[in-house]
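> This structure is in structure tokens; I'll ask about it shortly.
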Amino acid sequence: MQIPKVCKYCGNNFLAKTVKTGYCSHQCASSASNDRKKLERRQKVLDRIKAAGTEYITITEAVKIFTTSRNTIRRLVISKKIGHFRISPKRLFVSVKGLEAFFPLRDKPVVAAPKTTQVFDMNPEHCYTIGEITKRFGITESSVYKHIRQFSIPIRQIGNYVYAPKKEIDKLYNNKKARI
Ligand SMILES: [Zn+2]
């Protein structure tokens, strides 16, 4: 079974073997799982802080939990967008609620934004002919055309040959073993 899907991690198109498959590669699946674990860890730290009734935390803590920069937090504090108080010129505490509003942990998309503008290299030297694709990846011509349509991969005809960009085709079939 081959189901066209968009990888939940890198945003690339790929062919999945099962309906449940969400990632184009083991690498993407494990990166996504690492991100999820990191997020859970940060969420736990935050839950613990809130459970203890702590309403203000240091910038260092905020940077760790909300994965932002000291400068971003300072800017929000200076523009009074986040509640805070100072106990000395150098020691600043920021509001947990304020931070949560600006850097929501649970709603944060773990998925990388798919590339919106794609430039295709249609130079024949960087393309496969359809025939080459069928041989290289062991896929029938009609399937190749079907996938090209499904994934909106551009094709270009020169003489008797139809060309498709190597990069896109390799990406699409990278789970399959090349026959050459
Ligand atoms: Zn991926």
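> Taking square-rooted eigenvalues a ≥ b ≥ c of the alpha carbon gyration tensor, is segment 1-148 rounded, prolate or oblate, where a/c under 1.5 means rounded and, failing that, a/b exceeding b/c means prolate?
Working: a/c = 4.59, a/b = 2.68, b/c = 1.72.
Note, shape of segment 1-148 comes out prolate.
> Follow-up question, since we're still on this one. Mind scanning Lys37/Lys167; Lys8/Lys81; Lys8/Lys146; Lys5/Lys166; Lys20/Lys50; Lys37/Lys166 and naming the pairs with a C-alpha gap bigger than 25 Å?
Among Lys37/Lys167; Lys8/Lys81; Lys8/Lys146; Lys5/Lys166; Lys20/Lys50; Lys37/Lys166, the Cα-Cα distance tops 25 Å for Lys37/Lys167; Lys8/Lys81; Lys20/Lys50; Lys37/Lys166.
> Further question on the same structure: Taking only Cα atoms and a 10 Å spring cutoff, compute GNM fluctuations for the chain and point out the largest among Val45, Val96, Val119.
Val119
> Taking Rh as the Kirkwood radius computed over C-alpha pairs, what is the Stokes-Einstein D of segment 35-102 at 10 °C in a medium of viscosity 1.306 mPa s, expressed in µm² per second? Let's see the in-between values first.
Numbers: Rh = 12.2 Å.
D = 130 µm²/s.
> Could you check which residue among Arg36, Arg91, Arg74 shows the biggest mean-square fluctuation in a GNM of the chain with a 10 Å Cα cutoff?
Greatest mean-square fluctuation among the candidates belongs to Arg91.
> Looking at Ile148, Asn174, Gly131, which one has the Cα that reaches farthest to the positive end of the dipole of segment 117-180 (charges on Cβ: Lys, Arg +1; Asp, Glu -1)?
Projecting each Cα onto the dipole axis, the largest value belongs to Asn174.
> Just want to confirm a number: the relative contact order over the chain, from Cα pairs under 8 angstrom separated by 6+ residues, in percent.
Details: 211 pairs, mean separation 38.1, N = 180.
With pairs under 8 Å counted, the relative contact order is 21 percent.
> Separate question: For segment 117-180, just say rounded, prolate or oblate: build the C-alpha gyration tensor, square-root its eigenvalues into a ≥ b ≥ c, call rounded for a/c under 1.5, and beyond that prolate if a/b exceeds b/c, oblate if not. Before the final figure, lay out each step's value.
On the way: a/c = 1.41, a/b = 1.20, b/c = 1.17.
The shape class here is rounded.
> Sticking with this one: Give me the aspartates and glutamates in straight-line cross-link reach of Lys135: C-alpha distance below 14 Å, same-chain residues under 8 apart excluded.
Cross-link targets: Asp170.
> Sticking with this structure for a sec: Taking the Cα centre of segment 117-180 as the origin, how large is its charge dipole in debye, to the nearest 20, when only Lys and Arg (+1) and Asp and Glu (-1) carry charge on their Cβ atoms? Display every interim value, and only then the final one.
On the way: 11 positive and 6 negative charges, 55 e Å.
It comes to approximately 260 debye.
> Once you've got the GNM for the chain with C-alpha springs shorter than 10 Å, pick whichever of Ser79, Ser33, Ser88 has the biggest mean-square fluctuation.
Top of the fluctuation ranking is Ser88.
> Here is a follow-up. Which whole-number percent gives the relative contact order of segment 35-102, counting Cα pairs below 8 Å spaced six or more residues apart? Mind showing how you got there, number by number?
Numbers: 57 pairs, mean separation 22.0, N = 68.
Relative contact order, segment 35-102: 32 percent.
The numbers here are math on the coordinates, done by the rules we state, and not lab data. Quantities reported herein were computed from a predicted structural model and do not represent experimental measurements. Quick reminder, even Gly has a Cβ in these numbers, built from the backbone with ideal geometry, and neighbours come from all protein chains shown.
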